């Protein structure tokens with residue numbers, strides 16, 4: 001299938017509980033991350049099979065957020081790439097605890113990114129975020145000629161996402177790190 005912008009493909013977001021039972025009526029938000037800033041592409045409730053499907057998604061970097069706060073489920077977030085093949089992203093929601101998130105800047109993290117050959121990954125897009133992808137807790141950057149980028153760290157930083165050469169890499173992060181080297 002083709003759109004006015006070129007190739008487009010279907011994307012399905014499947015939402016389950018940690019027991020793998022599909023969740024009907026969970027809210028799924030899909031954000032377009034490959035343009036400057038984040039742009040909401042879709043906001044829908046899951047069907048009886050726990051799914052939301054978009055039929056014509058352009059190639060690029062996206063984020064799926066699944067939440068169901070009225071039934072006490074945690075929010076789950078996953079970045080994903082769309083290329084030429086249909087994409088299915090499964091998000092597993094855990095039962096919510098009672099703690100509310102607190103976002104505070106606690107320092108800076110320098111990330112050294114190397115490709116599979118051990119060379120600096122120049123121009124990699126790097127995202128440091130908390131587990132629920134609160135917009136005020138996200139920090140974005142692009143690696144320089146040495147494959148380095150420095151980002152502010154929040155107290156809840158827990159996920160490091162790197163988009164490089166059409167591949168997406170995801171690593172755990174910690175709010176106490178000040179320097180990190182990753183090999184893709």
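The values are calculated or read from the model by the stated rules, or taken from the named source; none is laboratory data. Model, not experiment: these values are computed from the prediction. Methodologically, a virtual Cβ is constructed for each residue, glycine included, from the backbone with ideal geometry; neighbour enumeration extends over all protein chains shown.
State which residue is farthest from the chain's Cα centre (by Cα) when the search covers only region 142-184 and only residues that are free of Cβ contacts under 8 Å to residues at least 40 places away in the same chain and not in a loop (DSSP other than H, G, I, E, B). Residue satisfying both the conditions and the ranking: 148.
For residue 78, state whether it is more than 17 Å from the chain's Cα centre (by Cα), at pLDDT 95 or above, buried (at least 17 other Cβ atoms within 10 Å of the Cβ) and closer than 28 Å to residue 172 by Cβ. Taking the combined requirement at face value, the residue does not satisfy it. The condition of being in contact with a strand residue (DSSP E or B) (Cβ under 6 Å, 6 or more places away or on another chain) and modelled with pLDDT of 95 or more does not hold for residue 122.
Restricting attention to region 154-184, the residues that are over 22 Å from residue 64 (Cα atoms) and surrounded by 15 or more Cβ atoms within 10 Å (Cβ to Cβ) add up to 6. Could you tell me whether residue 88 is modelled with pLDDT of 95 or more and surrounded by fewer than 19 Cβ atoms within 10 Å (Cβ to Cβ)? Yes; evaluated as a whole, the condition is true for this residue. Do we have residue 65 as free of Cβ contacts under 8 Å to residues at least 60 places away in the same chain, more than 19 Å from residue 86 (Cβ to Cβ) and outside any loop (DSSP other than H, G, I, E, B) here? The answer is no for residue 65.
This table checks each residue for (1) under 29 Å from residue 16 (Cβ atoms); (2) in contact with a strand residue (DSSP E or B) (Cβ under 6 Å, 6 or more places away or on another chain); (3) assigned by TED's automatic domain parsing to the domain that holds residue 43.
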| site | (1), (2), (3) |
| --- | --- |
| 89 | yes, yes, yes |
| 113 | no, yes, no |
| 116 | no, no, no |
| 128 | yes, yes, no |
| 140 | no, yes, no |
| 145 | no, no, no |
